[in-house]
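Read the structure below first, then the notes.
Here, each number is a calculation from the coordinates, and none is a lab measurement. All of these numbers come straight from a predicted model, not from anything done at the bench. No Cβ is skipped: glycine too gets one built from the backbone with ideal geometry, and neighbour counts run over all protein chains shown.
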Amino acid sequence: MRYDNIVYGTFLSRPNRFTAVAELCGREEIVHVKNTGRCADLLIKGAKVALCDCGNDKRKTRYDLVAAYSDKLGWVNIDSTAPNIVAAEWLGTQDFTLIRPEYRYGDSRVDFYMERGNERFLMEVKGCTKERGGVGYFPDAPTTRGVKHLKELERAAAEGIDATVAFVIQMNGISEVRPDDEIHPEFGAALSAAGAAGVHVLFLRCRAEADSLEVISYSYA
């Protein structure tokens, strides 16, 4: 996936989950943050950020903050809509005969339902933007919704559906993702239970740039 109309700014502050203040061309600009997670290791005062100019004068904020630069990792994509887009691009290369997004299963909408011949698949996608010691960690904030999705995948596996939770790693050079039990131990417990029940854990490694994100390789836990 690629963004149009990227401009660069400097992160100054984050008044709330949805907005940030960035310096752009010598002025302060309120921008929309496309990630409600904490991103505390990335959105640091003085950090270089990539902003997408949406070109919509009717919006309260003209720019979306989509990536932040880390001296250690390079550009890190923090757009929470990007993982599903690049996952869909990757699925399109995997010889499925049917790919259906936003599939209703149980009490949830699972990100993707796929078919290959008589086989049925479900895949839930999670974006990872947090790194520690060369490893990706998820979640960045407590996610009861994420726990619910894992339980739905566990149920699907019990019904004979090939179920997967896919972590899209929105950073360069990171190969695996582990649950962050300090942030949300319930998610880690649910991930472990899902794995024991036959749910696959997939890592989609990406090349992240200021204006793009693409899957370059994958592996299973």
Subject >> Dipole of the chain, positive direction: furthest Cα of ALA141, GLY9, THR97, with charges on the beta-carbon >> reply: GLY9
Subject >> Computed [θ] at 222 nm, helices only, for the chain once each DSSP H run of length n ≥ 4 contributes -39500 (n - 2.57) >> reply: -5000 deg cm²/dmol
Original post:
Within a Cβ distance under 10 Å of ASP41, other residues only, what is the Lys/Arg minus Asp/Glu net charge?
Top reply: +2
Original post:
Going by how many other beta carbons lie within 10 Å of each one, how would you line up ILE85, ILE183, fewest first?
Top reply: ILE85, ILE183
**OP:** Sort ARG178, ARG104 so the one with the fewest other Cβ atoms within 10 Å of its own Cβ comes first.
**Re:** ARG104, ARG178
**OP:** Distance check, please: which entries in LYS130/LYS151; LYS34/LYS60; LYS34/LYS126; LYS34/LYS72; LYS34/LYS130 exceed 18 angstrom between their Cα atoms?
**Re:** LYS130/LYS151; LYS34/LYS72
Subject >> Most fluctuating residue given options VAL110, VAL135, VAL66, as computed from a GNM of the chain linking Cα atoms under 10 Å >> reply: VAL135
**OP:** Among ALA210, ALA40, ALA82, determine the one that fluctuates most according to a GNM of the chain built with springs between C-alpha atoms less than 10 Å apart.
**Re:** ALA40
Original post:
Is any helix in the chain, taking whole DSSP H runs, at least 15 angstrom long along its axis by alpha carbon and on average at least 0.5 on the Kyte-Doolittle scale, and which ones?
Top reply: 185-196
Original post:
For segment 6-73, what ratio Rg/Rh do Cα atoms give with a Kirkwood hydrodynamic radius?
Top reply: 0.93
Subject >> Cα-based convex hull, the chain, per residue volume (Å³, whole number) >> reply: 127
**OP:** Note down the nm distance, to one decimal, between modelled labels 7 Å out along Cα→Cβ at SER175 and at TYR8.
**Re:** 3.1
**OP:** For the chain, with a Gaussian network of springs between Cα atoms less than 10 Å apart, report the residue from ARG27, ARG14, ARG205 with the top mean-square fluctuation.
**Re:** ARG27
